[in-house]
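Data first, discussion second: the structure below is written as C-alpha cells.
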Amino acid sequence: MHKEIGALTRALKTLTQYYLASLPIRAVQTAITETIQTLRDFDSALIEFRKVSDLAGDSLQSYIADLAELGEVTGSTMQAMVEASTEFRKSGFSDEDSAKLASIAEKYRNIADEQISAGESASFIIAQMKAFNIEADQAEHIIDAVYLKIGGI
C-alpha cells in the first residue's frame, strides 16, 4: 500500500509539472489566436471601407494612419475608427469629414461607456446631423448636448 501511495504521489507531481510547463505555451497560443482574430476583424472593416471610398495604396495607408492618430485621442482601436468612418462615407461624407466624424462618434461611444458599436455611434451622429441640419464641422455639438442631457457638467 505504501508503494501505491508513492506511485500516486509521483504521478500527481508529474501531472502538476506538465500542467505548469504547458501554461506558457497555452498563453502564447491564446495570444496568437486573438491577434489573428483582431487582424481578420480589421481586414474585414478595411474591406468594407474600400467599398465606399476611392482611396487606395499610399493614400489609403495615410488615411488609416490618420484614423489611428485620431483614435489615440479617444482610446479607440483602428478597427473602430475604420468602421465609424465607413458609416459616414456610406452617408455621403468626404473621406476627410468621415475621419473627423469618426473621432466624434468614438467620443460618443466613450460617453455611452462603449455599450454601443462604432457603427451604432456613427449612425446616431448621422441621424442627428440630418434631423437638425448640422454640418460636419459642427457635429461635436451633438456629443456636447448628449453629455449635458445625461447629467454631465
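The values are calculated or read from the model by the stated rules, or taken from the named source; none is laboratory data. Everything numeric here is computed off the predicted structure, so don't read it as measured data. All Cβ positions, even for glycine, are placed from backbone atoms using ideal geometry, and neighbour counts span all protein chains on display. Surface accessibility is based on the protein's heavy atoms, side chains included, excluding ligands, DNA and RNA. Shrake-Rupley method; radii C 1.70, N 1.55, O 1.52, S 1.80 Å.
Miscellaneous remarks
- Between 0 and 90°, nearest 10: helix 57-74 axis offset from the chain longest Cα axis: 80
- Rolling a 1.4 angstrom probe over the protein heavy atoms with all chains in place gives the stretch 70-153 an accessible area of 54 Å² per residue.
- With Cα atoms as the point set, the radius of gyration and Dmax of the stretch 1-51 evaluate to 22.0, 73 Å.
- Once C-alpha pairs closer than 8 Å and six or more residues apart are averaged by separation and normalised to the residue number of the stretch 29-99, the relative contact order reads 34 percent.
- Only alpha carbons enter this Debye calculation for the stretch 79-153, each as an equal point scatterer, and the log10 of I(q)/I(0) it gives at q = 0.16, 0.17, 0.22 Å⁻¹ is -0.48, -0.54, -0.90.
- Taking label points 7 Å from Cα along the Cα-to-Cβ direction, Ser62 and Ala127 give a separation of 3.6 nm.
- Magnitude of the charge dipole for the chain, about its Cα centre and with charges confined to Cβ atoms of Lys, Arg (+1) and Asp, Glu (-1), is about 1120 debye.
- Looking at the chain, the pairs of alpha carbons with a distance over 26 Å make up 43% of the total.
- Here Asp113 and Leu23 are evaluated by their C-beta separation; at R0 = 30 Å the FRET efficiency comes out at 0.35.
- For Lys51, a cut-off of 15 angstrom between C-alpha atoms picks up these aspartates and glutamates, skipping any fewer than 8 places away in its own chain: Asp43, Glu83, Glu87, Asp95.
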